[in-house]
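Encoded as structure tokens, the structure appears first; notes follow it.
The values are calculated or read from the model by the stated rules, or taken from the named source; none is laboratory data. Worth saying up front: this structure is predicted, and the values here are computed from it rather than measured. Neighbour counts are summed over all protein chains in view; Cβ atoms, including those assigned to glycine, are modelled from backbone coordinates with ideal geometry. Just the protein is used for accessible areas: all its heavy atoms, side chains included, with ligands, DNA and RNA removed. Shrake-Rupley method; radii C 1.70, N 1.55, O 1.52, S 1.80 Å.
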Amino acid sequence: MPVIMNEYQGRKPDEFRILLGLEGHPDSRNIKTYIEKSNGYKALEKVLKGGMSPDDVINTVKASGLRGRGGAGFPTGLKWSFVPKGPGEKYLITNFDEGEPGTYKDCYISEVTPHSLVEGKIIAGYAIGAQKSYIYIRGEFYNEIKWCEQAIREAYDAGYLGENIMGSGFTHHMDVYSGAGAYICGEETGLISSLEGKKGQPKLKPPFPAVKGYLGKPTVVNNVESLAVVPWIIHNGPDAYKKFGTEKSPGTKLFNVSGPIARPGCYELPLGYPLMRFINEDCGGLIGGKKLKGLIPGGSSAPILTAKECENVTLDYESIAAAGSMLGSGAIIVIPEGVGMPDVLENLMDFYSHESCGQCTPCREGTGWLYKMSKSILKGNATKADFSRINTVANNMRGKTICVLSDAAADPARAIIAKFAHEFEPYLKG
Ligand code: SF4
């Protein structure tokens, strides 16, 4: 149970802004606005001119309890601490692939406050000893590429990037690299391969990127949101950050809501916020008086929750895991009564079979079979035995592959057929 859930009663999401403080400002992406209205580059100054060592920065982020916001929720400071100390080339890469269906929070950060990302990257680069960093961004994000490039240019012009930043002796350079739009390049080793100009396919771990990553050198890959919140944490301190959220899931997080609801969009919420209060009050509920059938809480790889299961869930890693799903990227997909679960299954499996990179047999064949079986159900060609085979196939896809795409397809399939079997029956022969 979240420790400060009662404090949320009566308060609105815009009272919990850490990252989106500049939302609604007409010129929020401009470096001048960021500096004047958002304490911009104060955290970098504190680090480089205030005598913080790289270890001080890592320990501050560790103390904040910040967990990676890309989906896995791995502690960010701990990830940084895995990079070997001492001289030598090291790299920092921002994962801005944002391909998980339902997710558009990183795009929103670049639209509202791209300098939070740039400043967070410079601080993270200092912490791990990287003189070079990249923003790896999905190629079709034309505006977002432009906004990131503009912010980087402004940071160079202001002396926050380049050689000997603020006379500190620390040098950091930054570039944007646009990918070609494969979902699997959101997986960190696939992303690194793509950045190296190779086919974007995941690799077996170990070795982990922190030891052998981009060009064989120690590399940290962090999600956009994880890095963009770092300046706030450094500037305000880890205790201020921990005033938001729960004991095990501190801080705020961006949530994207899509589906037939009155106010879809991107919201910043403290972790531990009650899910159904968010949907019904802050997002205005389902349109047309529709009833909720189910909800995907963390992007398409998160197993679906039924309306009943959603009732007591709070938006944090532990509560959603206890309900049988995962917080993932924080993309909430609302599914109303009237939408058929056989259609939802077919739609999801179409996506995963298309995006499997094909290296591992359980994933390559399994995602294809799940798609074909779900299509055959919709066409009325499947038997009851075929339906139960979905579970067998999905069970054999889990934990046997190089990356987790296979599990990401199997888990939602298993949840849908287990929780909504009655909806499939009318389609089945025999
Ligand atoms: S699990 Fe799937 S996507 Fe991941 S490496 Fe294997 S085949 Fe490729």
Taking ALA418 as the residue in question, decide whether it is more than 19 Å from PHE351 (Cα to Cα) and open to solvent by 20 Å² or more (accessible area, probe 1.4 Å). yes
Which members of segment 187-204 meet the condition of being farther than 17 Å from LEU92 by Cβ and buried (at least 21 other Cβ atoms within 10 Å of the Cβ)? GLU187, GLY190, GLY200, PRO202
Tell me which of these CYS185 doesn't satisfy, since it passes every other one: (1) outside any helix (DSSP H, G or I); (2) within 30 Å of ALA43 (Cβ to Cβ); (3) within 16 Å of the ligand (Cβ to nearest atom). (1)
Cβ-Cβ under 6 Å pairs, at least 6 apart or on other chains, segment 267-286 side farther than 20 Å from ILE109 by Cα, far side assigned to a strand (DSSP E or B): GLY272/GLY245; GLY272/THR314; TYR273/LEU315; PRO274/THR314; LEU275/LEU315; LEU286/ILE261; LEU286/PRO336
Could you run through segment 226-259 and say how many residues are in a helix (DSSP H, G or I) and in contact with an Asp or Glu (Cβ under 6 Å, 6 or more places away or on another chain)? 1
Taking the condition touching an Asp or Glu at 6+ places or on another chain (Cβ under 6 Å) and either open to solvent by 10 Å² or more (accessible area, probe 1.4 Å) or part of a helix (DSSP H, G or I) (or both), does CYS107 pass? yes
If I filter segment 334-353 for residues that are in a loop (DSSP other than H, G, I, E, B), open to solvent by 10 Å² or more (accessible area, probe 1.4 Å), in contact with a Phe, Trp or Tyr (Cβ under 7 Å, 6 or more places away or on another chain) and not hydrophobic (A, V, I, L, M, F, W, C), do I get at least one hit? no
Considering only residues of segment 354-373 that are free of Cβ contacts under 8 Å to residues at least 24 places away in the same chain and open to solvent by 50 Å² or more (accessible area, probe 1.4 Å), which is nearest to the ligand (Cβ to nearest atom)? ARG364
In segment 56-80, residues that are within 28 Å of TYR183 (Cα to Cα) and free of Cβ contacts under 8 Å to residues at least 24 places away in the same chain total 5
Hits in segment 205-250 - residues which are open to solvent by 20 Å² or more (accessible area, probe 1.4 Å) and either among the aliphatic types (A, V, I, L, M) or closer than 22 Å to LEU48 by Cα (or both): VAL211, LEU215, TRP232, HIS235, ASN236, PRO238, ASP239, ALA240
Any residue that is charged (D, E, K, R), without any contact (Cβ under 8 Å) to a residue 60 or more places away in the chain and closer than 30 Å to CYS185 by Cβ - is there at least one of those in segment 381-392? no
Quick check: anything in segment 125-144 surrounded by fewer than 22 Cβ atoms within 10 Å (Cβ to Cβ) and aliphatic (A, V, I, L, M)? no
Do we find a residue being under 21 Å from GLU98 (Cα atoms) and either modelled with pLDDT of 95 or more or over 19 Å from the mean Cα position of the chain (by Cα) (or both) anywhere in segment 284-295? yes
For segment 29-57, how many residues meet the condition of being over 24 Å from the mean Cα position of the chain (by Cα) and within 16 Å of THR76 (Cβ to Cβ)? 4
Check on THR113, modelled with pLDDT under 95 and crowded, with 22+ Cβ neighbours inside 10 Å: no
Just checking, how many residues over segment 276-298 are surrounded by 24 or more Cβ atoms within 10 Å (Cβ to Cβ) and either under 21 Å from GLY251 (Cα atoms) or among the basic types (Lys, Arg) (or both)? 2
Go through SER388, SER376, SER329 for me and flag whichever is among the hydroxyl-bearing types (Ser, Thr, Tyr), away from the ligand (no atom under 14 Å from the Cβ) and not in a helix (DSSP H, G or I). SER329
State which residue is nearest to the chain's Cα centre (by Cα) when the search covers only segment 155-175 and only residues that are in contact (Cβ under 8 Å) with a residue 24 or more places away in the chain and open to solvent by less than 30 Å² (accessible area, probe 1.4 Å). MET174
Boolean, GLU89 is surrounded by fewer than 23 Cβ atoms within 10 Å (Cβ to Cβ) and closer than 27 Å to GLY298 by Cα: no
Scan segment 58-78 residue by residue and report those that are closer than 24 Å to CYS185 by Cα, open to solvent by 20 Å² or more (accessible area, probe 1.4 Å) and over 16 Å from the mean Cα position of the chain (by Cα). LEU78
Looking only at segment 394-407, decide whether some residue is away from the ligand (no atom under 15 Å from the Cβ) and surrounded by 21 or more Cβ atoms within 10 Å (Cβ to Cβ). no
